[in-house]
Amino acid sequence: MLRQARGGRIAVCASERVDIVGAREVAMTGAEVHVRAKKGAIAIDELGFFGRLVQAEVTKIALVAQEADTILTRLTQRAKRVFRFVEEIDQTRAGTVDLRAQNLIGIRGENAIISARVLAKVDGEQIHLG
C-alpha cells in the first residue's frame, strides 16, 4: 500500500524506537539525505559506493583489514609525523625515486647494497668510508 503526503513533510516519531523493515529491500531517495545520531553502527556484507566526492573530518580513524588495495591516478599526503612498521618486506618500484631531508637521511641495515648500471655518485663536503 502506497501512502502519499498531501503536504510537504512526513514525520515518524516514537519515544523509544522506530524500525523500517523490508523483507527484500529498503530504498531512500532524495535530493539530500541527513542522518544524525550520537552513536551509530552499520553492518553490511558488501558495500558499493559511487560518488563524486568524499569529505570527512574525524579525530581518529582505526582500520583493521586483511588486505587493502588502492588504485589512484595521484596521491598526495601531508603529515607532521609518519611512523611505519613493516614486519616482512617493504618494496617500492618507480620510474624515479627522490628522497630529500633537510637534516639527515639514515640508511641502516645488517647489509646495504647500492648498485647502478651506469653511474653511482657520492658527492659531499666530506665523505667517510669504513
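The values are calculated or read from the model by the stated rules, or taken from the named source; none is laboratory data. Because the structure is predicted, anything quoted here is derived from the model rather than measured. Please note: Cβ atoms are built from the backbone with ideal geometry, for glycine as well, and neighbour counts cover all protein chains shown. With ligands, DNA and RNA removed, areas are computed over all heavy atoms of the protein, side chains included. Shrake-Rupley method; radii C 1.70, N 1.55, O 1.52, S 1.80 Å.
Below is a table of values for the structure above.
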read-out	value
Test for THR70: is it under 30 Å from ALA116 (Cα atoms) and either in contact (Cβ under 8 Å) with a residue 24 or more places away in the chain or part of a loop (DSSP other than H, G, I, E, B) (or both)	no
Where GLU88 falls short, out of the listed (1) under 30 Å from LEU2 (Cα atoms); (2) at pLDDT 95 or above	(1)
For ARG78: the one exception among (1) at pLDDT 95 or above; (2) over 22 Å from the mean Cα position of the chain (by Cα)	(2)
Only listed residue being open to solvent by 100 Å² or more (accessible area, probe 1.4 Å), within 30 Å of GLY124 (Cβ to Cβ) and at pLDDT below 95, chosen from ILE10, ILE107, ILE20	ILE107
Those residues of the stretch 73-98 which are open to solvent by less than 100 Å² (accessible area, probe 1.4 Å) and closer than 30 Å to ALA116 by Cβ, in sequence order	THR76, VAL86, ASP90, ALA94, GLY95, VAL97, ASP98
Check on VAL118, more than 30 Å from LYS39 (Cβ to Cβ), open to solvent by 100 Å² or more (accessible area, probe 1.4 Å), free of Cβ contacts under 8 Å to residues at least 60 places away in the same chain and among the β-branched types (Val, Ile, Thr)	yes
The lone exception for ALA112 - which of (1) of a type in the set (A, V, I, L, M); (2) modelled with pLDDT under 95; (3) open to solvent by 100 Å² or more (accessible area, probe 1.4 Å) it fails	(3)
Filter pass, ALA43 being open to solvent by less than 90 Å² (accessible area, probe 1.4 Å) and farther than 30 Å from GLY130 by Cβ	no
